[in-house]
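The values are calculated or read from the model by the stated rules, or taken from the named source; none is laboratory data. For clarity, every value in this text was computed on a predicted model and none was experimentally measured. Ideal geometry is used to build each Cβ from the backbone, glycine not excepted, and the neighbour counts take in all protein chains shown. Note: areas computed on protein heavy atoms with side chains; ligands, DNA, RNA excluded. Shrake-Rupley method; radii C 1.70, N 1.55, O 1.52, S 1.80 Å.
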Amino acid sequence: MRKVHLDPDMTLEEIMRAWPSAISVILRYRMLCVGCPITAFHTVTEACRAHRVDESVFLEELRAAIAGG
């Protein structure tokens, strides 16, 4: 698996544009970020806090999806 540089300070919009495979993880967590206008401003950290998602687990799954996709 290749190393992916994914920064928790990146916005979800940046992540989804750079790595479309990340969208499936976001949807699996039932985060309403896909298509939301706030996504351009919400960082991973902020979105996890708002949706009460464990950030470290979420990032791990994002990295796996990105590396595999």
Vicinal HN-Hα couplings computed from phi for the stretch 38-53 (Karplus, 6.51 cos²θ - 1.76 cosθ + 1.60; Hz; Gly/Pro x): 6, 4, 5, 10, 7, 7, 4, 4, 5, 5, 4, 5, 5, 9, 6, 10
Accessible solvent surface per residue of the chain, calculated while the other protein chains remain in place, 1.4 angstrom probe, Å²: 64
From the C-alpha gyration tensor of the stretch 1-65, square roots of 5λ in Å: 16, 13, 11
Relative contact order (%) - the chain, alpha-carbon pairs under 8 angstrom, separation at least six: 46
Amide H within-cut-off set for MET10, under 5 Å, with H built and near neighbours excluded: VAL44
Distance (nanometres) between label positions extended 7 Å along Cα→Cβ at ILE38 and GLU60: 2.7
Of all accessible heavy-atom area on the chain, the percent that carbon and sulfur account for (1.4 Å): 54
